[in-house]
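Report on one structure; see the data block that follows.
The values are calculated or read from the model by the stated rules, or taken from the named source; none is laboratory data. None of the values given here were measured: they were computed from a predicted structure. FYI the Cβ positions are ideal-geometry reconstructions off the backbone, even for glycines, and counts take in every protein chain you see. Each accessible area value is taken on the protein alone, full model and side chains, heavy atoms only, with ligands, DNA and RNA left out. Shrake-Rupley method; radii C 1.70, N 1.55, O 1.52, S 1.80 Å.
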Amino acid sequence: QVRLVESGGGLVQAGGSLRLSCAASGRFVSNYNMGWFRQAPGKEREFVAGVDWSGNIIDYTDSVKGRFTASRDNANNTMYLQMNSLKPEDTAVYYCAADRNRLVSRQVPEYLYWGQGTQVTVSS
């Protein structure tokens, strides 16, 4: 069993920055690939970024490339999402998730464990 807890969300003006954290606990959690997803009101949950178990393979959805940076610290079982140049369309609940697949996945059903989410609101 893996438990995930997100933090760091909030209200920020367009162009601003936020850093999200995802604290993970459980056995062998450092062996899991991790992902960031987001869900805006009335929309499906979508992939934002994924980090493999080593932290060396990172994937981003096109809309956040060059603005968001995902990373992980296995010594502290924590994953991060540094979000810069935020836009109103980034407004959503952000979730972290964990999976045991060999490759980093962009698909929601591939992830076994999910956090409760943290709200990010970007005002124009």
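Peptides 50-60, 7-17 ranked from most to least packed, by the mean per-residue count of other Cβ atoms within 10 Å: 50-60, 7-17. A Förster distance of 22 Å, applied to the separation of the beta-carbon atoms of R100 and E46, puts the FRET efficiency at 0.55.
Consider all pairwise Cα distances in the chain and report the whole-number % of them above 19 Å. Don't skip to the end; give the middle numbers.
Details: 3061 of 7626 pairs.
Tail of the P(r) past 19 Å holds 40 percent of the pairs.
Computed with a 1.4 Å probe over protein heavy atoms only, the accessible area of F28 comes to about 120 Å².
What's the longest uninterrupted piece of the chain once you rule out the trypsin sites (Lys or Arg not before Pro) that are loop residues per DSSP with at most 12 other Cβ within 10 Å? Intermediate values should be presented prior to the final figure.
Working: sites that count: R27, K43, K65, R102.
For trypsin sites (Lys or Arg not before Pro) (loop position, at most 12 other Cβ atoms within 10 Å), the longest site-free span of the chain is 66-101.
Using only side-chain charges placed at the Cβ, +1 for Lys and Arg and -1 for Asp and Glu, the dipole size of the chain relative to its Cα centre rounds to 140 debye.
Full-extension gain between Q119 and S85, please, as 0.36 nm times their residue separation minus the C-alpha to C-alpha distance. Present the calculation step by step, with values, prior to reporting the outcome.
On the way: separation 34, 0.36 × 34 = 12.24 nm, distance 1.70 nm.
Extra length available between Q119 and S85 comes to 10.5 nm.
Surface listing: S105, S85 arranged by accessible area from highest to lowest gives S85, S105, probe 1.4 Å. For the chain, the relative contact order comes to 36 percent (Cα pairs under 8 Å, sequence separation of at least 6). In order along the range 35-52, the phi-based Karplus estimate (6.51 cos²θ - 1.76 cosθ + 1.60, θ = phi - 60°) of 3J(HN,Hα) comes to x, 10, 10, 9, 9, 8, x, x, 10, 6, 5, 10, 5, 10, 7, x, 10, 6 Hz; Gly and Pro are listed as x.
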